[in-house]
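Notes follow the structure.
The values are calculated or read from the model by the stated rules, or taken from the named source; none is laboratory data. Not measured: the values here are computed from a predicted model. Please note: Cβ atoms are built from the backbone with ideal geometry, for glycine as well, and neighbour counts cover all protein chains shown. The accessibility values were calculated without ligands, DNA or RNA, using every heavy atom of the protein model including side chains. Shrake-Rupley method; radii C 1.70, N 1.55, O 1.52, S 1.80 Å.
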Amino acid sequence: MSDTPNSLLYDVADGIATATLNRPEKRNALDAGILNGLRAAVQSAAQDPDVRVLVVTGAGKDFCAGADLAALEAMTGQDIMQHLGDAETLVHLFTAMRACPKPIVARVRGRALAGGCGLASACDLIVAEETAQFGYPEVNIGFVPAMVMAILRRNLGEKRALEWVLTGEILSARQAHEWGLVNRVLPGDTFDEAFAAYIKQLAARSSSAMHLTKRLLYHMDGLSFEAALRSGADVNVIARHTADCRAGVAKFLRKG
């Protein structure tokens, strides 16, 4: 994939980091510049004590139309190990997003298709404008949304995830919300204001509680019931000793 200067923009304000896919002329198609930039943004947000939430969004009308097919076609002459290395870039990004201690929120307007839908799905939360569209149309060109299947089967369950990728159906934001992929659907005429209010509210939450909650939820994946309960017990004890929890309990008792 080709690298594009400034294809990923990153800024931080008021505890909120924003990573913006910046190839609007290509509907923010994923290239090496965006993928490497996103991974660096996730790492920066994870290490910055001033960041509480990371927002991933797209410049222009669309969130992301998927992989840059022109760049993929240009790679057809490369050997299998080069293709594997290219695919590994997405693996590293998705694992970094899951390991990031800060909540990652996809802000979706327009189309989130193929790899773009995969990127949104890899975020912890998705907030969509009511006319947004989601889909995995790879089957129409004989391709497979392979890596994202690890995320989809967890988000949607096996049967719904399989049907979606086999048909290549495009879902509206409302449908994606009904299926459990999207967390919030906001009206188009007030989307910017409503999204800003949502993120501001999220960023006001305890950073240590959000960190521990996200880590625990993903750590439980694949554990037995008892092991998951015991992991929860461990985090319960850790949370009680955080400064945020002590301050929160004291504030609650003063109110009482």
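Remarks
- Flag if residue 189 is more than 19 Å from residue 99 (Cβ to Cβ) and of a type in the set (Asp, Glu): yes
- Number of the condition not met by residue 217 [criteria: (1) outside any helix (DSSP H, G or I); (2) closer than 30 Å to residue 135 by Cβ]: (1)
- Every test in (1) under 15 Å from residue 124 (Cα atoms); (2) touching a strand residue (DSSP E or B) at 6+ places or on another chain (Cβ under 8 Å); (3) of a type in the set (D, E, K, R) is passed by residue 215 save one, and that test is (2).
- Filtered by the rule that a residue be within 13 Å of the chain's Cα centre (by Cα), closer than 19 Å to residue 129 by Cα and not aliphatic (A, V, I, L, M), the range 15-61 gives 18, 20, 57, 58.
- Residues of the range 6-49 satisfying the condition of being part of a helix (DSSP H, G or I) and either in contact (Cβ under 8 Å) with a residue 60 or more places away in the chain or open to solvent by less than 30 Å² (accessible area, probe 1.4 Å) (or both): 32, 33, 34, 35, 37, 38, 41, 42, 45
- Residues of the range 67-79 include none that is on the phi < 0 side of the Ramachandran plot and at pLDDT 90 or above.
- Reported count of residues in the range 137-184, each being outside any helix (DSSP H, G or I), open to solvent by 40 Å² or more (accessible area, probe 1.4 Å) and over 20 Å from residue 125 (Cα atoms), is 5.
- Among the residues making up the range 114-133, those that are in a strand (DSSP E or B) and either open to solvent by 40 Å² or more (accessible area, probe 1.4 Å) or closer than 24 Å to residue 100 by Cα (or both) are 125, 126, 127, 128, 133.
- Residue within the range 90-97 that is polar (S, T, N, Q), open to solvent by 40 Å² or more (accessible area, probe 1.4 Å), without any contact (Cβ under 8 Å) to a residue 12 or more places away in the chain and in a helix (DSSP H, G or I) present: yes
- Qualifying residue in the range 139-147 (condition: of a type outside the set (D, E, K, R) and within 25 Å of residue 186 (Cα to Cα)): no
- Residue check, residue 154 within 22 Å of residue 15 (Cα to Cα), within 20 Å of the chain's Cα centre (by Cα) and basic (Lys, Arg): no
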